[in-house]
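Right, one structure below, let's go through it.
The values are calculated or read from the model by the stated rules, or taken from the named source; none is laboratory data. Since we're looking at a predicted model, the values are computed, not measured. Every residue, glycine among them, receives a Cβ derived from its backbone with ideal geometry; neighbour counts consider all protein chains shown. Ligands, DNA and RNA are stripped out before the accessible areas are found, and what is left, the full protein with its side chains, is counted by its heavy atoms. Shrake-Rupley method; radii C 1.70, N 1.55, O 1.52, S 1.80 Å.
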Amino acid sequence: MKFDILTLFPDLFHAFLQESILGRAVKRGLVDIKLTDIRSFARGPHRVTDDRPYGGGNGMVMKPGPVYRALQAVDRPKGKSLVVLLTPQGKTFEQSKAWELSRLDQLILICGRYEGVDERIRKGLADMELSIGDYVLSGGELGAMVVIDAVSRLLPGVLGGENSATDDSFEDGLLEYPHYTRPQVFKGKNVPSVLLSGDHEKIRLWRRTESLKRTLERRPDLLKKTKLKQEDEAILTKLLETKKSKE
Ligand code: 9D3
């Protein structure tokens, strides 16, 4: 898969792109990432990329011209390609969208800066607008990194085990169960004995119960979205009963 990043701050990406999993994927030719510096498409001796908003008001607006020309300079080989604008007004990026994007041949990410981008970029050039959540960032760069990270690890061969990605939290709509590794006792705290029992069915049930318990406590919104199996429904009913009797 080819990622193209259009940004005013290409240097922000260098360490990220060399990071272990992604860096290895690039070296193995599974992903190809190209940075385009929007400023190099700006005109005039000062290469200005922002300007004052028509109608007045605070803050600056990203000029459409440099972004337009940067996008035109992006190589678009045959295949499925999409232009995504990272903006606080976009739909919130989530795992289902990561899967959707992972089926593309090319993902072109435009990172907004300043108070916002000229509306004609948004409407004319972008196929989709994405936000990464309800908090204020300084620009779209961190958003682009989040999208690249989440999408690239879903591509075949990028993670070690082929199934690694589908085992993750959110893939079945629940939070993960607690994990433990050695030592068996740490600062006086023991590993739950069921995990040492060797009883795989008991361990599976314990983990499923802990997953449901956590999701119920911390992210009840996820439970509403996900279709639960009959076993999960039974566990959940029990959990809700014990919860009630504690109140
Ligand atoms: C004062 C109104 N703000 C809109 C919510 C202005 C504003 C804040 C932050 C305008 C641009 C930005 C820069 N942020 C992004 O470009 C951005 C972003 C974000 O701020 N939060 C979550 N996801 C994203 S993706 C791009």
task = Apply 1/(1 + (r/R0)^6) to the Cβ-Cβ distance of LYS225 and LYS78, taking R0 = 45 Å, and write down the FRET efficiency to the nearest 0.05.
result = 0.80
ask   = So how much slack lies between ARG52 and LYS91, counting 0.36 nm per residue of separation and subtracting their Cα-Cα distance, in nm?
value = 11.4 nm
ask   = Scattering from the C-alpha atoms of the range 185-246 alone, worked out with Debye: what is log10 I(q)/I(0) at q = 0.23, 0.27 1/Å?
value = -1.02, -1.14
query = Relative contact order for the chain using alpha-carbon pairs under 8 Å, separation at least 6, rounded to a whole percent?
reply = 18 percent
remark   = Residue-normalised 222 nm signal for the chain, counting each DSSP H run of n ≥ 4 as -39,500 (n - 2.57), nearest 500 deg cm²/dmol, is -11000 deg cm²/dmol
query = Residues of the chain: accessible area per residue at 1.4 Å, in Å²?
reply = 62 Å²
request  = Against the globular-protein guess of 2.2 N^0.38 Å, express the Cα radius of gyration of the chain as a ratio, rounded to two decimals.
outcome  = 1.28
query = Counting pairs of alpha carbon atoms under 8 Å apart in space and at least six apart in sequence, what relative contact order in percent does the range 128-240 give?
reply = 22 percent
ask   = How many percent of DSSP beta bridges within the chain run antiparallel, rounded to 5?
value = 15 percent
note = 1/(1 + (r/R0)^6) with r = Cβ-Cβ of LEU240 and LEU30, R0 = 41 Å, i.e. FRET efficiency to nearest 0.05, evaluates to 0.40
message = Out of the total accessible area of the range 2-152 (probe 1.4 Å, heavy atoms of protein only), what percent is carbon and sulfur?
response = 52 percent
